[in-house]
Amino acid sequence: MFRLISKYVFACLLPFFFAASPAHGQKAATAATANLHVDAPLAQSLVDKTMAQHSDIGKLGIHAVPPAATDNVIIACNIRSKNGKKSSAADLEKLAAGKPVADRVEKEQIFDLMLPMTDAHGGDLDGGFVVMEVPFSKASSEQEALAIGVKVRDELQAQIPNKAALYQR
């Protein structure tokens, strides 16, 4: 009799257990993806200025590992809510290759660019790279998009005296 009652209670409670699990998992996933607080005034100023000067790009972000951090994140972006977001595994794989990449994204009608980045003297920015989007209306091929991206990246690099300057007020 006890076994029968135990099975009945278990069968009745089982749906509640599984119904509660996804909500907990979602909260854990949301907490794990919270953006890191990043204060990189020079980097943000450079992004803002560059976006104002270049109608040929649609999105611009600078990635690096900030001081006292361990993860590569967006330290400055024209979409400020992205600041502090962890860099994607795909971008980090492209960075490891050490050369600029342009991916054609038909759905969005853009070239998605990732270019390694240094300071003005070729110094390491601790995993520094820049991402940007070039609309198909501004470039007809990956090579044209990369030419725009390299020009923009080089302009940015020329204004960065060293890694520490990105985070100073």
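No value in this document is a laboratory result; all are computed from the given coordinates. As the structure is a computational prediction, the values presented were derived from the model and not from experiment. With ideal geometry, Cβ positions are generated from the backbone for all residues, glycine too; neighbour counts draw on all protein chains shown.
A few comments on the model shown:
- Residues whose placed amide H lies under 5 Å from that of Asn78, excluding near-sequence neighbours: Leu60
- The amide H of Ile160, built 1.01 Å from its N in the peptide plane, has Ala120 as neighbours under 5 Å, considering only residues 5 or more places off or on other chains.
- Cα gyration tensor category, rounded, prolate or oblate, for segment 84-169 with a/c compared to 1.5: prolate
- Rounded to the nearest whole Hz, the Karplus-based 3J(HN,Hα) values (6.51 cos²θ - 1.76 cosθ + 1.60, θ = phi - 60°) of segment 104-116 follow the sequence 7, 10, 4, 4, 9, 6, 9, 9, 9, 10, 9, 10, x, with x at glycine and proline.
- Total formal charge among the other residues, if their Cβ is under 11 angstrom from that of Lys94, Lys/Arg +1 and Asp/Glu -1: -3
- 5 angstrom amide H check on Ile110, placed H, neighbours 5+ away: Val105, Phe136
- The HN-Hα couplings worked out from phi for segment 154-161 by the Karplus form 6.51 cos²θ - 1.76 cosθ + 1.60 (θ = phi - 60°) are 5, 4, 5, 4, 4, 9, 10, x Hz, whole numbers, x standing for Gly and Pro.
- C-alpha center-to-center spacing [segment 131-169, segment 73-109] in angstrom: 12
- Positive dipole terminus of segment 55-169, leading residue within Ala89, Ile75, Ser141 (C-beta point charges): Ile75
- Taking 28 Å as the straight-line reach from the Cα of Lys138, the lysines in range (excluding those fewer than 8 positions away in the same chain) are Lys49, Lys59, Lys82, Lys85, Lys94, Lys99, Lys107, Lys151.
- Derived scalar couplings between HN and Hα for segment 34-44 equal 4, 6, 6, 6, 10, 10, 10, x, 5, 4, 5 Hz in order, rounded to whole Hz, by the Karplus curve 6.51 cos²θ - 1.76 cosθ + 1.60 (θ = phi - 60°), x for Gly and Pro.
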